[in-house]
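What follows is a short report on a single structure.
The values are calculated or read from the model by the stated rules, or taken from the named source; none is laboratory data. Predicted model, so just to flag it, every value in this text is computed and none were measured. In this analysis, Cβ positions are derived from the backbone assuming ideal geometry, glycine residues included, and neighbour counts consider all displayed protein chains.
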Amino acid sequence: MPAPPPPRSQPKRRRPLALPAVCPCEGIAPEPLLASLVSLTADVASRRAGEASAFPVLRRGTHQAVRLAGLLLAFLEEIQDAAATLSHSAVVGLTELHVAMQKMRFLLTDCARRGGRLWVLVNAELIASELRLCLGSVAAAMDVLPTSIVGASVESGELGRLVSDQAWRAVVRPDAGDKLAVRSIRSIMDTFKMGVAPEADDVMRVLRRIRVESWFQCSEEIAFLDGELSARFDAGDENSSAVVLLNNLMAFLVYCRVVLFDHIDSKQSDATAARPATCPEWIRPEALQCPITLELMTDPVTVSTGQTYDRASITRWMKAGCRTCPVTGEKLRTADLVPNAALYIVAQFSTGSTEERRKATSEARKLSKHSVFYRALFVEANAVPWLLCLLSCMDASVQDNAVASLLNLSKHPGGRTALVEAGGIGLVVDIVNVGSKAETQQNAVAILFYLSSNAEYAEEIGRFPEAIPTLVRLIKEGAHRGRKNAMVSLYGLLQSPSNHAKAVAAGAVVVLAGLLSSDRDGDLACDTVSLLATRLAQLVERKALNLVVVGSSPTLGAG
């Protein structure tokens, strides 16, 4: 039997506003080339009834492009019957059309993309330039088509000339609404730099232009920008002007999502009573204080060295002629002040109302879920102790968001250190037992797993009498996800020899052996075998495990 082919690697996702195009191969037959071009052009022309109405930017230009695609489609359908007789020069022209229409489809897809609308707006000039190039390429390709094809019939001749004329004459530029919205964005950024809240009319003008009308739509925009930011960091491009712009746009949208939209789009009830969280001794309030004035920061901003100050104080510092960072003494590479959204959110943990805490913890959960950059920012902003403080909140949403945020931050080495140093292990173990939601309890177990990757922390967790028995109970009685999380967490804890006897005393061997014989799916059984073989087998006499494998039901073997 021949060996199976190697798995195909997944193609990388196309970056927005990147226009890759595949040139049809040399020597392609006219029939498949024309058929593919008809299909491609029909896809672009079909946006007239659908996505064209959702283009928030370059509305006139995108409408012209879609309308031109409709005319081109009619022309191509008119000459399709003559595909077999197309000359080499006709194939060259159709090949150029194919490449131009590929790029046009990518551009229109980006212009109509949900979540990327603010990014499209600030890049309106670039998009207009690219769209003009596409239309120019269409016009040039039409002009090189031989007259024998264009004039094959009266209809094709008229349509061909119309496509060429319309493509050459098309005027694609940001319209007055685009320009006004972009000026509003610049004004908002300047306002942020001065430490003043932006004018509501300016903010709403931008949001209306990109048709962001809800908390959820704002979240889509933030998620898109966060993905762009992560991609640039992964590419080592963290010092580019685009990164600064992305940071500023994200800060603007976070401000909109927190301040302008009163309700989170969800079906969850807000009827749950809430109890204000108290501030325990291990929270360091100086983390929210400006290093210059030692007062609580009301408008935290970050300078080029990564240090955060209150905007008013650092502005006075720089106006006095100082061009160094007050904390580190490093020279400031730029005078730009980037709003520190993470520190603003952390401030809401301590001073906000229940609804503000609910929104703030939701922000922290979303921003820290996929972004390593924001995890680091939240750790530096001392978010971990404040999130631990919120575990005592009676509001189920606040507690759930706080635990999920801690789970995300526990993936960061500094986050794990901060959690342990703040004495949070006991609180996390408590949440495993009494969390308000099953998902909250499962996330708390996952936190223990990330902590257990450190041998010292694994030993520290084992010092809590209820920690290992709780995990064993979940393995025995929990839902599928909870059992899986508890199992891998127990696996991590067993790297510490001091936890071996505690696991046996808690009944881990009996529970895992019972799971081996009852798990029908097999995936839990595999994890169980790993646990027994790697950690627990050495604790039990071989004769106690003198079981055999009978049939298809796995049992414990004799070593």
Report task. Go over the candidates V196, V212 one by one and state the one that is modelled with pLDDT of 80 or more and not in a helix (DSSP H, G or I). Result -> V212
Query - Scope the range 418-454; condition touching a helix residue (DSSP H, G or I) at 6+ places or on another chain (Cβ under 6 Å) and of a type in the set (V, I, T); matching residues - result: V420, I425, V428, V429, I431, V432, T440, V445, I447
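Quick test for you: out of Y491, Y450, pick the one residue that is touching a residue at least 12 places away in the same chain (Cβ under 8 Å), assigned to a helix (DSSP H, G or I), under 24 Å from V509 (Cβ atoms) and among the aromatic types (F, W, Y). Full working, then the answer.
Numbers: Y450 fails: under 24 Å from V509 (Cβ atoms).
Going through Y491, Y450 in turn, just one is touching a residue at least 12 places away in the same chain (Cβ under 8 Å), assigned to a helix (DSSP H, G or I), under 24 Å from V509 (Cβ atoms) and among the aromatic types (F, W, Y): Y491.
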Query raised in the report: Which residues, counting only those in the range 215-234, are at pLDDT below 80 and among the polar types (S, T, N, Q)?
Result: S219, S230
Query - the range 194-216 - residue that is touching a Pro at 6+ places or on another chain (Cβ under 9 Å) and basic (K, R) and, of those, surrounded by the most Cβ atoms within 10 Å (Cβ to Cβ) - result: R209
Report summary line: Of (1) over 16 Å from A342 (Cβ atoms); (2) modelled with pLDDT of 85 or more, D237 satisfies every one except (2)
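If you scan the range 466-488, which residues turn out to be outside any helix (DSSP H, G or I) and either modelled with pLDDT under 85 or among the basic types (K, R) (or both)?
Applying the first criterion (outside any helix (DSSP H, G or I)) to the range 466-488 yields 466, 478-479.
Within the range 466-488, G478, A479 qualify.
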Report summary line: Every listed condition ((1) surrounded by 15 or more Cβ atoms within 10 Å (Cβ to Cβ); (2) out of contact with any Phe, Trp or Tyr (no Cβ under 9 Å at 6 or more places or on another chain); (3) touching a residue at least 40 places away in the same chain (Cβ under 8 Å); (4) part of a helix (DSSP H, G or I)) holds for L73 save (3)
Report task. Pick out the one residue from L225, L207 that is in contact (Cβ under 8 Å) with a residue 40 or more places away in the chain, closer than 15 Å to L17 by Cβ, touching a helix residue (DSSP H, G or I) at 6+ places or on another chain (Cβ under 9 Å) and of a type outside the set (G, A, S). Result -> L225
Query raised in the report: Has the range 41-63 got at least one residue that is touching a Leu at 6+ places or on another chain (Cβ under 6 Å) and more than 29 Å from R208 (Cα to Cα)?
Result: yes
Query raised in the report: Just wondering, is there one or more residues in the range 26-37 that are part of a loop (DSSP other than H, G, I, E, B), modelled with pLDDT under 80 and surrounded by fewer than 10 Cβ atoms within 10 Å (Cβ to Cβ)?
Result: yes
Requested in this report: Scan the range 173-193 for residues that are surrounded by fewer than 20 Cβ atoms within 10 Å (Cβ to Cβ) and either charged (D, E, K, R) or within 22 Å of A65 (Cβ to Cβ) (or both) and report the count.
Outcome: 10
Requested in this report: Pull up the range 431-446, narrow it to residues that are modelled with pLDDT under 85 and outside any helix (DSSP H, G or I), then point me to the one that is farthest from L419 (Cα to Cα).
Outcome: S436
Requested in this report: Inspect all residues belonging to the range 313-331 and state whether any of them is small (G, A, S) and touching a residue at least 24 places away in the same chain (Cβ under 8 Å).
Outcome: no
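Which ones in the range 372-393 are under 17 Å from the mean Cα position of the chain (by Cα) and buried (at least 21 other Cβ atoms within 10 Å of the Cβ)? Quick ask: steps written out before the conclusion?
Restricting attention to the range 372-393, the residues satisfying the condition of being under 17 Å from the mean Cα position of the chain (by Cα) are 372-378.
Answer for the range 372-393, where residues must be under 17 Å from the mean Cα position of the chain (by Cα) and buried (at least 21 other Cβ atoms within 10 Å of the Cβ): Y374, R375, L377, F378.
Quick check on S350: is it touching a residue at least 24 places away in the same chain (Cβ under 8 Å), in a helix (DSSP H, G or I), surrounded by fewer than 20 Cβ atoms within 10 Å (Cβ to Cβ) and not assigned by TED's automatic domain parsing to the domain that holds N247?
Details: touching a residue at least 24 places away in the same chain (Cβ under 8 Å): yes; in a helix (DSSP H, G or I): yes; surrounded by fewer than 20 Cβ atoms within 10 Å (Cβ to Cβ): yes; not assigned by TED's automatic domain parsing to the domain that holds N247: yes.
Criteria met by S350.
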